[in-house]
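The values are calculated or read from the model by the stated rules, or taken from the named source; none is laboratory data. Note that the coordinates shown come from a computational prediction; the quantities given were computed from them, not determined experimentally. Ideal geometry is used to build each Cβ from the backbone, glycine not excepted, and the neighbour counts take in all protein chains shown. The accessibility values were calculated without ligands, DNA or RNA, using every heavy atom of the protein model including side chains. Shrake-Rupley method; radii C 1.70, N 1.55, O 1.52, S 1.80 Å.
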Amino acid sequence: MTDELYFEDFKIGHKFASMSSTKVSAQEITEFAEKYDPQPFHLDEAAGKSTFFKGLAASGWLTAAIVMRMRVENIKVHGGMIGAGVEEIRWTEPVRPGDTLRTESEVIALRVSRNRPEYGLVTIFTNTFNQRDEVVMKSTVKFLAPKRGTVAGEPA
């Protein structure tokens, strides 16, 4: 989909598959870890060998950031996807150097915002897969989408 979406465009059961995939490199894993999650299994292959992960594994937060980018690129909300919360995030398999990630998202709930009635609240469930079709992350998130014709400067 290339058109920007308004709240009215979302339907329960509507699915979005990522239009591209992202290959995760060892350098990206270690750079993210150095800056945000400096644990041995995220920083160094050798140090990671003696840990739970038995080698270098991406921080779950790096995986979540990659998935956020995929959501934004594939679900084009008019004015941008405004985060309204995370109900659940589960990392089910480690992401390793060389893994290629893709996502499949589904709209699971819709309602008009109580505090901002010019917006609707969209809840989506996302599975993130590696190149072996293993689920590496599951998440349920909410975001705001403007209702058509209710935000200043928006077409009716």
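Accessible surface of Tyr36 in the full protein assembly, 1.4 angstrom probe, to the nearest 10 Å²?
Looks like 140 Å² after rounding.
Considering only protein heavy atoms, what per residue accessible area in square angstrom results for the chain with a 1.4 angstrom probe?
Using a 1.4 Å probe on heavy atoms only, each residue of the chain averages 55 Å².
Separation between the Glu4 and Thr150 pseudo-spin-labels, each 7 Å from Cα along Cα→Cβ, expressed in nm?
Simple spin-label model gives 1.7 nm for this pair.
Roughly how many Å² of Met19 are accessible to a 1.4 Å probe, to the nearest 10?
So the heavy atoms of Met19 present about 120 Å² to solvent.
Suppose only helical runs count, i.e. DSSP H with n ≥ 4. What mean residue ellipticity at 222 nm does that imply for the chain under -39500 (n - 2.57) per run, divided by all residues and rounded to the nearest 500 deg cm²/dmol?
Rounded to the nearest 500, it is -6000 deg cm²/dmol.
Sorted by accessible area with a 1.4 angstrom probe, largest first, how do Leu110, Leu121 fall?
Leu110, Leu121
So which trypsin sites (Lys or Arg not before Pro) in region 1-61 are both in a DSSP loop and have at most 15 other Cβ atoms within 10 Å of their Cβ?
Loop-located and lightly packed - Lys11, Lys49, Lys54.
So for region 35-107, considering every pair of alpha-carbon atoms, how many percent are separated by more than 20 Å?
In whole percent, the share of Cα-Cα pairs in region 35-107 beyond 20 Å is 41.
Considering just Cα atoms, how many Å³ per residue does the convex hull of region 9-66 enclose?
Dividing the Cα hull volume of region 9-66 by its residues yields 116 Å³.
For region 66-156, which trypsin sites (Lys or Arg not before Pro) pass both filters: DSSP loop (anything but H, G, I, E, B) and at most 10 other C-beta atoms within 10 Å?
Arg114, Arg132
If you fit an axis through the alpha-carbon atoms of helix 60-74 and take the longest principal axis of the Cα set of the chain, what angle between them do you get, 0 to 90°, nearest 10?
40
Enter the mean projected area of the convex hull around the alpha-carbon atoms of the chain, in nm², rounded to one decimal.
9.9
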